[in-house]
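Q: Following this message is one structure expressed as structure tokens.
Read-outs throughout are calculated quantities, based only on the coordinates presented, and are distinct from any laboratory measurement. For clarity, every value in this text was computed on a predicted model and none was experimentally measured. Note that each Cβ is placed from the backbone with ideal geometry, even for glycine, and that neighbours are counted across all protein chains shown.
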Amino acid sequence: MAPGTKNTARDICSRDWCLANPGGTSKDFREHWLGLSEEFKSTYTQKSKEMAKASKANTTTTAASSSKSTKTRGATATTTNGSA
């Protein structure tokens, strides 16, 4: 089974489950997921919320960093014309 890549409660659980059950099938995981208590699923729901919050904070920090303007120093050229 290939675990899900999103940070949903189910996908986070599937990644954990795949590590503990190499060679397990999607059907096996489905049965595992459906058999979990709501209390246990809520631990994955909490992880999902924490990951979303961290991702949002990281995105906000990255966006703020990239929107800062950088000052450039301009060069002044001076030309002198000589007469003979």
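Q: Please give the contour-minus-distance gain from Thr5 to Trp33: 0.36 nm per residue of separation, less the Cα-Cα distance, rounded to one decimal in nm.
A: Between Thr5 and Trp33, full extension yields an extra 8.5 nm.
Q: Still on this structure, I have one more. Whole number please: convex hull volume per residue of the Cα set in region 9-64, in Å³?
A: Dividing the Cα hull volume of region 9-64 by its residues yields 82 Å³.
Q: Read phi for every residue in region 30-43 and hand back ³J(HN,Hα) as whole Hz from Karplus 6.51 cos²θ - 1.76 cosθ + 1.60, θ = phi - 60°, with x for Gly and Pro.
A: 4, 4, 4, 4, 5, x, 6, 6, 4, 4, 5, 4, 5, 5
Q: Tally Lys/Arg at +1 and Asp/Glu at -1 over every other residue whose Cβ is under 14 Å from the Cβ of Ser26; what's the total?
A: Value of the local net charge: +1.
Q: Follow-up. Any idea how far apart Ala52 and Asn21 come out in nm if each label point goes 7 Å out from Cα toward Cβ?
A: 2.5 nm
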